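A.B. asks: Have a look at this one before I ask anything.
The values are calculated or read from the model by the stated rules, or taken from the named source; none is laboratory data. Because the structure is a prediction, the values reported are computed rather than measured. Positions of Cβ are generated from backbone atoms using ideal geometry, with glycine treated the same way; all protein chains shown enter the neighbour counts. SASA here: full protein model, heavy atoms, side chains in, ligands and nucleic acids out. Shrake-Rupley method; radii C 1.70, N 1.55, O 1.52, S 1.80 Å.
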Amino acid sequence: MSKLQKWQILTSKMVLNHRWCQVRQDEVKLPNGQVIDDFFVNIKPDIVVVLPITASREIIFVRQYRHGVGDCFTELPAGRFEPTAESPEDAGMRELQEETGYIAEKLTKIATLYDNPSKETNKIHLFLAENVIKVSEQNLDITEEIEVILIPIESVLEKVTQGEISVAGTIAALFLGLQLISNIKSA
């Protein structure tokens with residue numbers, strides 16, 4: 001058995017409660033008795049990342065500007081959602097169609113990961129969407145300007161190692177999803 005113990009929350013208050021950013025300040029007591037009065041936690045919605053693959057074995061990526069680091073990135077279709085308002089599967093289907101115009105008959109869960117559990121509350125839900133088809137134009141939010149890019153599966157690993165694909169959630173979905181496909185086909 002592990003001897004690890006949880007921290008005890010003594011007090012907790014929201015210090016920033018904005019539509020785009022929520023921060024909670026906790027006063028915590030550590031298992032060793034030490035008290036920290038200013039441990040900040042980012043309250044974030046969950047994220048869904050979809051690995052869409054066409055019948056011709058191309059992966060659908062999106063390329064868009066990301067203001068946090070001030071650059072454009074190639075990544076898988078993804079988006080934030082509130083788990084109390086919508087299921088991860090529904091969010092994945094919605095984000096895939098909104099960002100790319102493609103739909104999937106079904107999504108297969110790849111994994112659920114934590115983004116940064118030391119300071120953030122959200123999970124990342126990864127899904128595989130096979131044999132996706134284009135059915136509509138994009139339906140983008142006001143903050144989105146997205147290019148849709150199709151990349152053959154065989155070229156993806158090289159693009160990751162060259163740094164052309166460098167977003168952590170996308171890389172996790174790629175490696176876990178492509179491993180899942182490989183295991184299914186060899187079974």
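A.B. asks: Order the peptides 146-154, 173-181 from the highest to the lowest mean number of other Cβ atoms within 10 Å of their residues.
C.D. replies: Those peptides, ordered most packed to least, come out 173-181, 146-154.
A.B. asks: Right, here's the next one. Given +1 on the Cβ of Lys and Arg, -1 on the Cβ of Asp and Glu, and no further charges, what dipole in debye does the chain carry about its Cα centre, rounded to the nearest 20?
C.D. replies: About 760 debye.
A.B. asks: In addition: For Ile103 and Ser56, calculate 0.36 nm times their separation in residues minus their Cα-Cα distance, and state this gained length in nm to one decimal.
C.D. replies: 15.4 nm
A.B. asks: Right, another one. Determine, for each peptide in 50-58, 38-46, the mean count of other beta carbons within 10 angstrom over its residues, then list the peptides with the highest first.
C.D. replies: Going from most to least packed, we get 50-58, 38-46.
A.B. asks: How many angstrom lie between the Cα centre of segment 77-125 and the Cα centre of segment 17-33?
C.D. replies: Using only Cα atoms, the two centres lie 25 Å from each other.
A.B. asks: What net charge do the residues around Thr54 carry, taking every other residue with its C-beta under 10 Å from that of Thr54, with Lys and Arg at +1 and Asp and Glu at -1?
C.D. replies: Cβ neighbours under 10 Å give a net charge of 0.
A.B. asks: Moving on. Can you give the FRET efficiency to the nearest 0.05 for Ala85 and Val160, using r as the Cβ-Cβ distance and R₀ = 35 Å?
C.D. replies: With R0 = 35 Å, the Cβ-Cβ based efficiency is 0.60.
A.B. asks: Still on this structure: Does segment 80-187 classify as rounded, prolate or oblate by the C-alpha gyration tensor (a ≥ b ≥ c root eigenvalues; a/c under 1.5 gives rounded; else a/b over b/c gives prolate, otherwise oblate)?
C.D. replies: rounded
A.B. asks: Now for a different question. What distance in nm lies between label points placed 7 Å from Cα along the C-beta direction at Lys3 and Gln34?
C.D. replies: Distance between label points: 1.7 nm.
A.B. asks: Shifting gears a bit: Could you sort the peptides 65-78, 94-107, 22-35 by per-residue average Cβ neighbour count (10 Å cutoff), highest mean leading?
C.D. replies: Final packing ranking: 94-107, 65-78, 22-35.
A.B. asks: How much accessible area per residue does segment 63-124 have, counting only protein heavy atoms and a probe of 1.4 Å, in square angstrom?
C.D. replies: Result: 56 Å² per residue.
A.B. asks: Roughly to the nearest percent, how much of the accessible area of segment 1-127 is carbon and sulfur, given a 1.4 Å probe?
C.D. replies: 51 percent
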